Protein chains: 2
Amino acid sequence: MTSFIQYDSKSDFSIHNIPFGVAVFNNEYIACCTRIGDMVVDLATLYDFGFLDNIEGLDDNLFEAYTLNLFIELGKPVTNAVRLRLQELFSENSSLSKDEKSIADCFFDLDQVQMMMPVHVPNYTDFYSSIEHATNVGAMFRDPENALLPNWKHIPVGYHGRASSIVISGVEIFRPKGQTKPVGADSPIFGPSQQLDFELEMGFIVNENTEMGDSISVEKAEDSIFGMVLFNDWSARDIQSWEYVPLGPFLGKNFGSSVSPWIVTLEALEPFRTSSPKQEPEVLDYLKFNGDKNFDINLEVYLKPENGDENLISESNFKYMYWNMAQQLAHHTVNGCNVEVGDLYASGTISGKDKSSYGSMLELTWRGTNPLTLNDGSERKFINDNDTITMKGWAEKDGIRVGFGEVSGKILPAK
Amino acid sequence: MTSFIQYDSKSDFSIHNIPFGVAVFNNEYIACCTRIGDMVVDLATLYDFGFLDNIEGLDDNLFEAYTLNLFIELGKPVTNAVRLRLQELFSENSSLSKDEKSIADCFFDLDQVQMMMPVHVPNYTDFYSSIEHATNVGAMFRDPENALLPNWKHIPVGYHGRASSIVISGVEIFRPKGQTKPVGADSPIFGPSQQLDFELEMGFIVNENTEMGDSISVEKAEDSIFGMVLFNDWSARDIQSWEYVPLGPFLGKNFGSSVSPWIVTLEALEPFRTSSPKQEPEVLDYLKFNGDKNFDINLEVYLKPENGDENLISESNFKYMYWNMAQQLAHHTVNGCNVEVGDLYASGTISGKDKSSYGSMLELTWRGTNPLTLNDGSERKFINDNDTITMKGWAEKDGIRVGFGEVSGKILPAK
């Protein structure tokens, strides 16, 4: 498959991808969009021009919206059909390729658009599904000999996060203030967090509304997943460690989370399926699965100081996940908890076995005891004010590349 | 103040109350409403008839809505002015009292309306602010000698709950299924929860959107609180106790929470302010407050078996709260977490010192070791299928009564 749009062979947005997003075009109007190479394509106008006609179930121009929720809710038969139509339209010698007026009206350079949150997120849950991350954290905060808690290999542990503070890549994040209890202190103190961290995660977006009392089985779970994003779960470790027993993370997390603008569909990720780590002991029946449910997605984290260069500080991979997305969604709904279109379910920090693959400063510097040295000679135990954290993700196999672009965020001093 | 509408002196919905809700009228249309005595008043029609004219800031008929969010967002100056106007209109000898046609069109008997969720809840947080409850739970699940964790008296501990599964009083709740690890078992099992519980709580509804990075101070927090509801945070203790370490309650809670239909404004509760329990040790500056921030609100819990009578099983009071609502909201936002109109912040279980005032079956039966005996001779360690739990709340002082009505929910067998 080749496109009439030229792009670099290392582009995340090849014709094999066709992700979905929402953008402001020329500061004038908002519409749902896709991307190929470095061109952003206005789907609302493409629909108006008739290029998306005769797709069963797509009866209205749902791309004239500020979020993808209404489109996503149509379900896989429709959203897949749209994606395949777009691939066809973007191919060499398509009807669109010869229609200069339509191309001029629908295709925009990157500097003509401003990406927005792709979906309204009604509910956000964060899992804790990397065994390497859970082991590292358990070793640091609890007991190295019993780093994994007794429930960890039986349930995909998760907690509810804060939906209101999920923002699109590029939005700057204020360093949180809060209550902490320094080691050795008699009583807690108040001030800006001294241990601000990122968490390298991915998240998936759900495409249906279920009724309370109903469950989604592992087998059917992927039908309910529209696609994935990169996710940075900013964390204030000092606030978190003082507050989190017994009810879990709260102010250490809810001041901000950042997502990448493009939702990459599960269909685009199909070629990159891979096997999961073996789950031992055997899981309960409702968590058993068949086939490859992990995905081989390369992940990178960069730290850029103000006026400095990018530093590659972590190289991880989504394939390391112990618990897969189908298991997460089956577990989340097994008690009858209802899900909603646009819900975001994040993986938890994605760490690999190797130190260079750890997905947080907490792990990379082992709670600050082993600081990172940056290109400019400065050291980091955690994130400084005006540092920018950028995460990238892409899959590549047999000459096919499908990527997420990036999620990026700069830390501003506390307000 | 007396009304031209007749009601019993024990009515929760005296002319001193004027709560806000949303209802389906005659199965025909939906509108925001208030209540006096046993009459529900359609505010959209009242607005159309001109009775709410000349209220500064109320420029549109925001009562023609499926939720109160747009109205609440107008803020206290407007919502208070509307409440005072309604009090005036409902008073003896008001213009409305003589207008039979308007009364016929705007006033409905209870059996003509179906109450709905009063607000769309974008985010829900549950606190843990009763010292008696936290002490009881700590004693049962952890260590009786150190029941309160070290952070408890320094921070109003809270966690994010699930917004999607908050339902209006009357909606039936399916018993959740899930993973539990019975005492003495080698590995977890799966099945319907055997320890289904209620939690007697109250919640407050926020009336503004804040920006990320901004905080709401204790002094200003009450300006951001539109009003309160009764709240039943259904809990599956066996699921919860297996899953909750280290990230907090998840499937043990997110299968359903029930709210009462009427939001009682803080202004209506003003006469019932009372002092708080002394906070010792002294709290950090951002949590210090002046004046009476607790409210003397009587609370009752009833358990009704299928085909049986109501059993009063708990009598508690909102005044027992160690952490008040202003402190909760100040703490929640001190790190820059943004709030949204309609957000619901629940108190956590409200237990008093006395056993008869405990706000959950867990505490009332001391984890099942001391079952309750009901009127019909049957015993309860936790809640059985087809049991209905009803919570009532009201304040009363100097002949003035302001109440919440009730929040009720029946437990159905697991789906």
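Bear in mind these aren't lab numbers, they're just calculated from the coordinates by the rules spelled out. Please read these numbers as outputs of a predicted model, since none were measured by experiment. Note that we place each Cβ from the backbone using ideal geometry, even for glycine, and neighbour counts take in every protein chain shown.
Qualifying GluC sites (Glu not before Pro) in segment A:271-356, where qualification requires a DSSP coil assignment and no more than 14 other C-beta atoms within 10 Å, comprise A:Glu282, A:Glu306, A:Glu310. For segment A:1-89, run through the GluC sites (Glu not before Pro) and keep only the ones in DSSP coil with at most 14 other Cβ atoms within 10 Å of their Cβ. Taking segment A:1-89 and a limit of 14 other Cβ atoms within 10 Å, the loop GluC sites (Glu not before Pro) found are A:Glu28, A:Glu56.
The mean count of C-beta atoms from other chains within 10 Å of the C-beta of residues in A:150-162, rounded to a whole number, is 6. Taking the fewest neighbouring Cβ atoms within 10 Å as the starting point, the ordered list for B:Val171, B:Val339, A:Val407 is B:Val171, B:Val339, A:Val407. Sorted fewest first by neighbouring Cβ atoms within 10 angstrom, A:Trp323, A:Trp394 come out as A:Trp394, A:Trp323.
Beta-bridge orientation, chain A: approximately 90 percent antiparallel, per DSSP, counting only bridges with both partners inside.
Legend: translational diffusion of chain A by Stokes-Einstein, Rh = Kirkwood radius over C-alpha pairs, 37 °C, 0.692 mPa s; D = 149 µm²/s. The alpha-carbon of B:Lys10 sits under 12 angstrom from the alpha-carbons of these aspartates and glutamates, leaving out residues fewer than 8 places away in its chain: B:Asp38, B:Glu396. Put a plus charge on the Cβ of each Lys and Arg, a minus charge on the Cβ of each Asp and Glu, and nothing anywhere else: the dipole of segment B:21-115 about its Cα centre is then about 300 debye. Sorted from shortest to longest, the distances between the A:Asp223 label points of this copy and the other copies are 5.3 nm, with each point 7 Å from Cα along the line through the beta carbon. Applying the Kirkwood pairwise sum to the alpha-carbon positions of the protein assembly as shown produces a hydrodynamic radius of 28.1 angstrom. Separation of segment B:250-322 from segment B:1-64 is 25 Å, based on Cα centroids. In terms of other Cβ atoms within 10 Å, A:Thr125, B:Thr369, B:Thr210 run from fewest to most in the order B:Thr369, B:Thr210, A:Thr125. Under 16 Å between alpha carbons, and skipping anything fewer than 8 positions from B:Lys101 in its own chain: which aspartates and glutamates qualify? Cα-Cα hits under 16 Å: B:Asp42, B:Asp48, B:Asp109.
Remark on A:Gly178: its backbone amide H falls under 5 Å from those of A:Gly191, A:Ser193, a criterion applied only to residues 5 or more positions apart or on other chains, H modelled at 1.01 Å from N. Between copies, the label points at B:Ile400 (set 7 angstrom from Cα along Cα-to-Cβ) are spaced 7.0 nm, reported in nanometres from shortest to longest.
Between B:Glu92 and B:Asp111, the distance separating the two model label sites (each 7 Å from Cα on the Cα→Cβ line) works out to 3.0 nm.
The residues packed around A:Pro413, meaning those with a beta-carbon under 13 Å from its beta-carbon, carry a net charge of 0 if Lys and Arg are +1 and Asp and Glu are -1. Label points for B:Pro413 are taken 7 Å from Cα along Cα→Cβ. From this copy to the others they lie 6.5 nm apart, shortest first.
Applying a DSSP loop filter and a limit of 12 other Cβ atoms within 10 Å to the trypsin sites (Lys or Arg not before Pro) in segment B:330-402 leaves B:Lys353. Taking a straight Cα-Cα cut-off under 19 Å and skipping sequence neighbours fewer than 8 places away in the same chain, the aspartates and glutamates within cross-link reach of B:Lys278 are B:Glu132, B:Glu219, B:Asp292, B:Asp296, B:Asp354. Taking amide H as placed 1.01 Å from N in the peptide plane, the amide H of B:Gly161 sits under 5 Å from that of B:Tyr124, B:Thr125, B:Asp126, each at least 5 places away or on another chain.
Mean per-residue shielding of peptide B:185-194 is 2, counting Cβ atoms of other chains within 10 Å of each Cβ. Looking down the axis that turns chain B into chain A, the chain B residue with its beta carbon nearest that axis, and the gap rounded to whole angstrom, comes out as B:Gly248, 1.
Take each residue in B:170-176, count the other chain C-beta atoms within 10 Å of its C-beta, and the mean is 3. Legend: distances between Cα atoms for B:Lys288/B:Lys319; B:Lys220/B:Lys288; B:Lys181/B:Lys304; pairs beyond 21 Å are B:Lys181/B:Lys304. The distance from the alpha carbon centre of segment B:117-165 to that of segment A:343-401 is 32 Å, rounded to a whole number. Net charge within 10 Å of B:Gly37 by Cβ-Cβ distance, Lys/Arg positive one each and Asp/Glu negative one each, not counting B:Gly37 itself? With Lys, Arg at +1 and Asp, Glu at -1, the neighbours total -2.
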